[in-house]
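Chemist: Mind having a look at this structure? Questions to follow.
Just so it is clear, none of the values below were taken in a lab; they were calculated from the coordinates. In this text the structure is predicted, and so the values were computed from the model without any measurement. Reconstructed Cβ throughout: ideal geometry from the backbone, glycine too, with neighbour counts over all protein chains shown.
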Amino acid sequence: MFSKRILNILFIFNLTSFIISAPLTICDGCDHLSPRSPSPQIPSPSDDAACPNIGGTNEQFIDYNVMLKTNATNYDSVVKNHFEMLEKCLQKERYNVHELDFSSIKDNNVIFDFSVKGMIAGYTTKFTKSFVENYLSKLNDVAIVNENKVIEDPFENEFIKQAPLVRKAERPVAKMPNLDRIDQENYPLNLTYIYPDSAGAGVDVFVVDSGIFLEHEEFQGRQGKTVTEKTFCGDSLVDDDGHGTNVASIVGGKTLGVASNANIIGVKITGKDCPVNAQNIINGITYVMQQKANNPERKIVLNLSATSRDSAVGEVASKAVEAGIHFVVGAGNRNLDACGFFPGKIETVVTVASTKITPLPNQLDWASDFTNWEKCVTLFAPGEKVPVAGIKSASEITSESGTSLSAPHVSGAIALMLADGDYTPEQSKEGLLRIATKDKIQGLDFRPTANLLLRTRNAVI
């Protein structure tokens, strides 16, 4: 329990902004969270001493993403104790982000709880830097605490605009070398995309991105459903960026998609007026985890194109795979080591790099100049001049480039597998590696990476 001496010290240093107008005498019971190595400089809340250096009224409050240490036996107690500390000592309201209408939040100085019971525990909220460094990061139940930074260019300038393609009444296979390439091992291309009759039916592919333009012809008349189910950008479900629509059309578009019967479910984490940050990526991933928790039998693939340097993103991705979610991410487009970015650095995630197909008559597969590479790359897939659905009209088909376009080819390929059998994420990854086309990719001499190109023809493990 806090003593009168503590209250006097707080008064002297004018720290009421941290307590959000509530006296620290309400913090009875906070003594269950003590630092790993208590010292006179960093006391626990139960100590009859000064609070840790949480900063004065002029110190800036910053958004932090916090991951808690939990396991099967301590999950409930850790979550209960930690959040009780936050709510009692900070007097902040806590919201479950998976159920929250973000447009209703007027004051963002709250606790955004992205926990999924039994799977992962964590939150985003505002703290001072000194409080995080001197106290929060030293608590026994805190695994990761990182500043929540806006990702200036989440898709890394990958839109290399090309001339629009002409929509034809029949499937323009000759205009889709990306699909033509992934169902066969060798050239020449046979102008046919072969896939199982199930075409991904019954599999839910969550596109964690900018939403989906649902009115596009590519999503009409499909056996699988196409919806944007959740947004973390106010109340807008509209894809005002186009990136999510591009990706979704490759996953399962009627004519452009790898798995045209799969269910495509949009989770919006970015948009025109909604810059993506680690918080939104984490929210998107944990939302999908919550759907898996609600129905463990669902066959779920998660496609993510954004990359981050926040280790919390990697931790969440790792937990998602543990939960049985087949997780696919673009490797990134900086011609750098893919291991420098999350979630691609996580071994259990399928990290996809980009290739291009050289023109006739001597068609070859080349690693894209922009693609990230190295040992964290699982395999390659076409990622240059890929035909995709646009958002300017219901019939627009354009072409784009980037590892964001490579990843959904693999998400679709996994959907083809799952439609015909029950496989764990480890098994689907092993299946991809086993049937991949080997040693065909040029341009890897100085970029040591597994020479494996996506192949879906057999589409079974």
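Chemist: Counting only other residues whose beta carbon sits under 12 Å from that of Asn263, what net charge do I get with K and R as +1, D and E as -1? Please list the in-between numbers first.
Modeler: On the way: positive: Arg222, Lys225, Arg298, Lys299; negative: Asp204, Glu229.
Result for the neighbourhood of Asn263: +2.
Chemist: Shifting gears a bit: Quick one: order Ile300, Ile441 by neighbouring beta-carbon count within 10 Å, fewest to most.
Modeler: Working: Ile300 25, Ile441 20.
Placing the least packed residue first, the sequence is Ile441, Ile300.
Chemist: At what distance in angstrom do the alpha carbon centres of region 308-353 and region 251-304 lie from each other?
Modeler: Spelled out, the Cα-based centre of one part sits 15 Å from the other.
Chemist: Just in region 209-248: which trypsin sites (Lys or Arg not before Pro) are loop by DSSP and have at most 14 other Cβ atoms within 10 Å?
Modeler: Passing sites in region 209-248 are Lys225.
Chemist: Another question, if that's okay. At 0.36 nm per residue, minus the direct Cα-Cα distance, what do Gln442 and Asn362 gain on full extension? Give it in nm, one decimal, please.
Modeler: That works out to 27.5 nm of additional length.
Chemist: Same structure again: Please compute the net charge surrounding Asp240, taking Lys and Arg as +1 and Asp and Glu as -1 over other residues with Cβ under 15 Å from its Cβ.
Modeler: -4
Chemist: So what's the net charge close to Asn65: Lys and Arg +1, Asp and Glu -1, counting the other residues with Cβ under 9 Å from its Cβ? Walk me through the numbers before you get to the answer.
Modeler: Working: positive: none; negative: Asp63, Glu147, Asp310.
Charge balance near Asn65 sits at -3.
Chemist: What is the antiparallel percent of DSSP beta bridges lying wholly in region 173-453, to the nearest 5?
Modeler: In region 173-453, approximately 25 percent of DSSP beta bridges are antiparallel ones.
Chemist: Order of Thr371, Thr73 from fewest to most other C-beta atoms within 10 Å? Working shown, then result.
Modeler: Numbers: Thr371 31, Thr73 8.
Starting with the residue having the fewest Cβ neighbours, the order is Thr73, Thr371.
Chemist: Please list the non-local residues whose amide H lies under 5 Å from the amide H of Ile111, H modeled 1.01 Å from N, same-chain partners needing a gap of 5 or more.
Modeler: Here Glu93, Arg94, Tyr95 satisfy the definition.
Chemist: Which one, Ser308, Gly284, Asn295, is farthest towards the positive end of the dipole of region 281-322 when Lys and Arg carry +1 and Asp and Glu -1 on their Cβ?
Modeler: Sorting the options by dipole projection puts first Asn295.
Chemist: With a 10 Å Cβ neighbour count serving as the proxy for reagent exposure, in which order, fewest first, do Ser354, Ser130 appear? If you can, show how the numbers build up before the last one.
Modeler: Details: Ser354 32, Ser130 14.
By the 10 Å Cβ count, ascending, the order reads Ser130, Ser354.
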